[in-house]
Amino acid sequence: MTGEEPLDTVDARLLLALTEEPRAPVAALAQRLGLSRNTVQARLTRLRRRGALRSFERRIDPAALGYPLSAVITTRVTQRRLEEVAEALARIPEVVEVEGLSGETDLLVRVAAADADDLYRVAGQVLAAPGVERTSTALVMRELVGHRLTPLLRRSAGD
């Protein structure tokens, strides 16, 4: 979505309705928003194409899958091997997200682990990835503010 115009208020209202009721059928969304079913369907299709609607995987708690430990691994990499590092990290199932950063650290790697021994193993796999120079692992003790966009959606929707 980078470089595209921001969503309009109707799109924001549609996304807000989906955050409140993610499994709502198109007809119910149309009725709630006072739009035609075809308009809602067309907007949803456009939002998916633009990348504004992403996977619902974020809603799944890794603990429910047997991975109650969450950690972040800050990583320094050889810059010319960044793509190779990203590909290697994507092959580690416990790596749930990788973000490129500016500054001293190159990557923020979020991982899920079954226990401390499992975290040690996963951190070792991250460090062993070709092009990784150095890592630092921090255990997530508690989530204080979870991933959220509702306040921004409400602002965009004019609420």
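The values are calculated or read from the model by the stated rules, or taken from the named source; none is laboratory data. None of the values given here were measured: they were computed from a predicted structure. So basically every Cβ, Gly included, is an ideal-geometry build from the backbone, and we count neighbours across all protein chains shown. Remember, those area values only see protein heavy atoms, side chains included, never the ligands or the DNA or RNA. Shrake-Rupley method; radii C 1.70, N 1.55, O 1.52, S 1.80 Å.
Looking at 94, 87, 83 in this structure, which one is touching a Phe, Trp or Tyr at 6+ places or on another chain (Cβ under 8 Å) and either within 29 Å of residue 16 (Cα to Cα) or not β-branched (Val, Ile, Thr) (or both)?
Only one candidate passes the filter, namely 94.
In region 51-88, which residue that is farther than 16 Å from residue 99 by Cβ, hydrophobic (A, V, I, L, M, F, W, C) and under 15 Å from the mean Cα position of the chain (by Cα) is surrounded by the most Cβ atoms within 10 Å (Cβ to Cβ)?
So the residue we want is 52.
So residue 131 ticks every box in (1) over 30 Å from residue 15 (Cα atoms); (2) open to solvent by 70 Å² or more (accessible area, probe 1.4 Å); (3) touching a residue at least 24 places away in the same chain (Cβ under 8 Å) but one. Which box is left unticked?
If we test residue 131 against (1) over 30 Å from residue 15 (Cα atoms); (2) open to solvent by 70 Å² or more (accessible area, probe 1.4 Å); (3) touching a residue at least 24 places away in the same chain (Cβ under 8 Å), just (2) comes out false.
Restricting to region 89-105, what's the tally of residues that are of a type outside the set (D, E, K, R), in contact with a strand residue (DSSP E or B) (Cβ under 7 Å, 6 or more places away or on another chain) and either part of a strand (DSSP E or B) or surrounded by 13 or more Cβ atoms within 10 Å (Cβ to Cβ) (or both)?
6
State whether one or more residues within region 45-52 are assigned to a loop (DSSP other than H, G, I, E, B), in contact with an Asp or Glu (Cβ under 9 Å, 6 or more places away or on another chain) and under 22 Å from residue 155 (Cα atoms).
Yes, because at least one residue in region 45-52 is assigned to a loop (DSSP other than H, G, I, E, B), in contact with an Asp or Glu (Cβ under 9 Å, 6 or more places away or on another chain) and under 22 Å from residue 155 (Cα atoms).
For region 106-120, give me each residue that is of a type outside the set (Val, Ile, Thr) and crowded, with 16+ Cβ neighbours inside 10 Å.
106, 107, 110, 112, 113, 114, 118, 119
Answer yes if at least one residue in region 24-33 is on the phi < 0 side of the Ramachandran plot, under 18 Å from the mean Cα position of the chain (by Cα) and open to solvent by less than 30 Å² (accessible area, probe 1.4 Å), and no otherwise.
No, the conditions are met nowhere in region 24-33.
Does region 7-23 contain any residue that is open to solvent by less than 50 Å² (accessible area, probe 1.4 Å), over 17 Å from the mean Cα position of the chain (by Cα) and over 23 Å from residue 151 (Cα atoms)?
No, region 7-23 contains no residue that is open to solvent by less than 50 Å² (accessible area, probe 1.4 Å), over 17 Å from the mean Cα position of the chain (by Cα) and over 23 Å from residue 151 (Cα atoms).
Being β-branched (Val, Ile, Thr), open to solvent by less than 60 Å² (accessible area, probe 1.4 Å) and closer than 18 Å to residue 153 by Cβ is the requirement here; does residue 40 meet it?
For residue 40, the condition - β-branched (Val, Ile, Thr), open to solvent by less than 60 Å² (accessible area, probe 1.4 Å) and closer than 18 Å to residue 153 by Cβ - is met.
Out of 123, 157, 138, which single residue is out of contact with any helix residue (DSSP H, G or I) (no Cβ under 9 Å at 6 or more places or on another chain), touching a residue at least 24 places away in the same chain (Cβ under 8 Å), open to solvent by less than 40 Å² (accessible area, probe 1.4 Å) and not hydroxyl-bearing (Ser, Thr, Tyr)?
123
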